[in-house]
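A short reminder: the numbers here are calculations on the coordinates, not readings from a lab. These numbers come from a predicted model, not from an experiment. Positions of Cβ are generated from backbone atoms using ideal geometry, with glycine treated the same way; all protein chains shown enter the neighbour counts.
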């Protein structure tokens, strides 16, 4: 027998009541004075599972409702009937199951962040149709051309020389030579830079050339960008950028203000860590290309140091965990390590 | 005035605990993950039911009672629609315009259906809430007004917010009786002005501090750790932004709720402090970062408790007389599709 409140069918009006189970499959509802309110077949009654200490509610087929604060009493009343289960409630209260859940959640998050998203993005990049890749690349270049890039001011012989160096580096690329196309642009606001578009165009800014002291330095830069194209890094970044927020939305399961604020930063950190591993891969590939052409991988390192001094000044460019590129000093050390075969 | 005197004040109360909610959250999250998301519909109902079930007013708690199956079906449709969109736009980029037009036309239906689903599955004292907005009304208040607000260079944005809040409150019902809110447009403009002033005032202060730090750390290191001061100021900008946005949200919420009547007799009252909410949101954020996410459920309970306990019901009667006029709950598809695309519906 459990004490509670009975709400009349489809009404907010209630009175104190008691619920008992006189027969195995029958519930008896009575008023405080013991007068019968109704008898209900157990299987026709909707009984909520136990959850924390919120009131347990029994909904009757006629729209009436009985609720009780006595959750233990309700469990005892229903024992052996298989109704109003409290299995989940026991898991949620058990230290062991909660600890196991923490392990599962942390492992799943780590696994998905470290392997799931990169694999998925790689697979999606692989199956992306070539016309879509061209479309994306052309749109990006068009956007940049309207804003930060303007026509090049390089002399034709400078361009021809760069083209010859590209062809030398591209021999070690995975794709046909004509895939890689050099694009020169003047970019006073961006400064010295080079980047690859997913369809194989490699954009080099005019501002990079004054910093280059030898052909092998330019070859290192171009080999680095060729690696980005070969490994579809640009496309993968696009997919990662949409997979990370989707994954975080699934994790938190709600889009409250607090949730958004708290999930913004981990998302940014995760994506910049993916980018850093792409940069490292591209550096490694560039070092291989330079070595295969009989040149010193350290030449790329020398250029990186000069770039760093030019762009970041003496104070450096901020902490590496926030940026999309690994700290220059780490990249230089890695490239220097490639020197001796 | 005689009606005023007869009102009895019932404060809302939240009886849940962060510890209890943590167990519920993590176990259900783990189950969602090992079932590849299928269980997430049940997890959503269970976590939401815990928060509602612990919200008490006048001796009774709310109940959240949807069918998880409907939520699951809604989620499957939402994910399929998103995949169809991604694939189609990937292979035929020119179809993107069609998708946006189609989605735009769907928005009013999604909003109504989502609000109706939440309302009809929320019960208090055995009676369901209801939402009775029409497609054309949702189109005007949730789509056209916001567009007007942005096109007018934000000048009409407070007015658009008023339209949305009126629609949200005035189309809700309980036991067949309406909720009603009514306040002057001037009040909402004052709040937005206050929010903008707060943002500009605190922002200017920060810019001044940054400039001073830059100058002080130029050639002579007059400030210890001066190099790091610039970085230290950066998170403060987020706090200023959060404070300004929270100020507007909470003050508009208070304004709307304080002018809401139910059944033309009962009143609601809200005394939520925007400063307290900013403090809770920012500290929750930091603690969640420090605990790699494990503080999240504690933070949610903390915020829910604070906001809930600043609400009151001023009842003119014992509410016994309300009866249900509804029997059938609406589909969950609207709410789930809206949730997936993050429309962020609500006050």
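Okay, here's what the table says:
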item: Residue order, fewest to most beta carbons within 10 Å, for B:323, A:289, B:35; result: B:35, B:323, A:289
item: Label-point gap, in nm, between residue A:175 and residue A:81 - each point 7 angstrom along Cα→Cβ; result: 6.8 nm
item: Length released on extending from residue A:157 to residue A:293, taking residue separation times 0.36 nm less the Cα-Cα span; result: 46.7 nm
item: Residue order, fewest to most surrounding Cβ atoms within 10 angstrom, among B:56, B:135; result: B:135, B:56
item: Contour minus Cα-Cα distance for residue B:309 and residue B:212 (0.36 nm per residue); result: 30.7 nm
item: Candidates A:276, A:126, A:41, ranked by Gaussian network fluctuation over chain A, Cα under 10 Å, top entry; result: A:41
item: Cα pair distances exceeding 18 angstrom across segment B:249-303, given as percent; result: 49 percent
item: Separation between Cα centres of segment B:157-185 and segment B:190-210, rounded to whole Å; result: 30 Å
item: Fraction of alpha-carbon pairs over 16 Å apart in segment B:1-105 - percent; result: 73 percent
item: For chain B: span of alpha carbons on each principal axis (Å, largest first); result: 76, 65, 47
item: Shape of segment A:139-210, Cα gyration tensor, a/c cut at 1.5; result: oblate
item: Tensor-based shape of segment A:8-78 (alpha-carbon gyration tensor, a/c under 1.5 rounded, otherwise prolate or oblate); result: rounded
item: For segment A:171-248, share of DSSP beta bridges that run antiparallel, in % to the nearest 5; result: 40 percent
item: Residue A:114/residue A:36 FRET efficiency (R0 56 Å; Cβ-Cβ; nearest 0.05); result: 0.35
item: Kirkwood Rh (inverse of mean 1/r, distinct Cα pairs), segment B:57-172, angstrom; result: 16.7 Å
item: Residue B:143-residue A:209 FRET efficiency (beta carbon distance; Förster radius 45 Å; 0.05 resolution); result: 0.30
item: Ranked list, fewest to most other Cβ atoms within 10 Å of each Cβ, for A:20, B:114; result: A:20, B:114
item: Crossing angle, helix A:117-127 versus chain A [Cα axis fit, 0-90 degrees, rounded to tens]; result: 60 degrees
item: Longest to shortest principal axis, alpha-carbon extents of segment A:77-173, angstrom; result: 91, 30, 26
item: Share, in percent, of DSSP beta bridges within the protein assembly as shown that are antiparallel, nearest 5; result: 90 percent
item: Helix-only mean residue ellipticity at 222 nm for the protein assembly as shown, each DSSP H run of n ≥ 4 adding -39500 (n - 2.57), per residue, nearest 500; result: -18500 deg cm²/dmol
item: Residue with peak Gaussian network fluctuation, chain A [Cα springs, cutoff 10 Å], from A:220, A:146, A:191; result: A:146
item: Relative contact order of chain A, defined on C-alpha pairs under 8 angstrom at six or more residues apart (%); result: 11 percent
item: Listed residues A:193, A:293, A:53, most fluctuating in chain A (Gaussian network, C-alpha, under 10 Å); result: A:53
item: Cα gyration tensor category, rounded, prolate or oblate, for the protein assembly as shown with a/c compared to 1.5; result: prolate
item: Per-bin percent of Cα-Cα distances, chain A [10 Å]; result: 5, 18, 21, 14, 9, 8, 9, 10, 6, 1, 0
item: Angle in degrees between helix B:68-91 and the longest Cα principal axis of chain B, rounded to the nearest 10; result: 50 degrees
item: Degrees, to the nearest 10: A:257-292 long Cα axis against longest axis of chain A; result: 30 degrees
item: Pairwise label distance in nanometres, residue A:123 with residue A:49, each label 7 Å out on the Cα-Cβ vector; result: 3.0 nm
